[in-house]
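The values are calculated or read from the model by the stated rules, or taken from the named source; none is laboratory data. Since this is a predicted model, take the numbers as computed values, not measurements. Because the Cβ atoms are built from the backbone with ideal geometry, glycine has one as well, and the counts that use them run over all protein chains shown. Just so you know, the surface numbers come from the protein's heavy atoms only, side chains and all, with ligands and any DNA or RNA stripped out. Shrake-Rupley method; radii C 1.70, N 1.55, O 1.52, S 1.80 Å.
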Amino acid sequence: MTNFANRYNKVMGTTYCSDPSIAAVVIKGLAEHKVQLGAPLCPCRHYDDKQAEADAGFWNCPCVPMRERKECHCMLFLTDDNDFAGDETSITPEDVAKLISNIR
């Protein structure tokens, strides 16, 4: 998921949140959903039926609001006009692992 997210940032001209732990947690959730559900379902929303939502595709990353309006509910992909946008467009799997290891 880090490769996907890094490429998406570069292609779309977006950046990660200024707090890198946000990107780490979201990427971890996307990766878990990709393994469990077969699709990178947005981890920042509640679903009554995750598998049905993953199959429908609307909330699979990048979700429809992100693709259509550059609006990322998870704050993973931010435009430069967002107050929380950072400067980074890439993160390593090692960075993700380190950042999420500090979160309880």
Any residue in the range 53-60 that is closer than 13 Å to G29 by Cβ and assigned to a loop (DSSP other than H, G, I, E, B)? yes
Tally up the residues in the range 76-93 that are hydrophobic (A, V, I, L, M, F, W, C), surrounded by 15 or more Cβ atoms within 10 Å (Cβ to Cβ) and over 10 Å from A23 (Cβ atoms), please. 1
I want to confirm something. Restricting to the range 30-47 and keeping residues that are touching a residue at least 24 places away in the same chain (Cβ under 8 Å) and open to solvent by less than 50 Å² (accessible area, probe 1.4 Å), which single residue is farthest from R67 (Cα to Cα)? A31
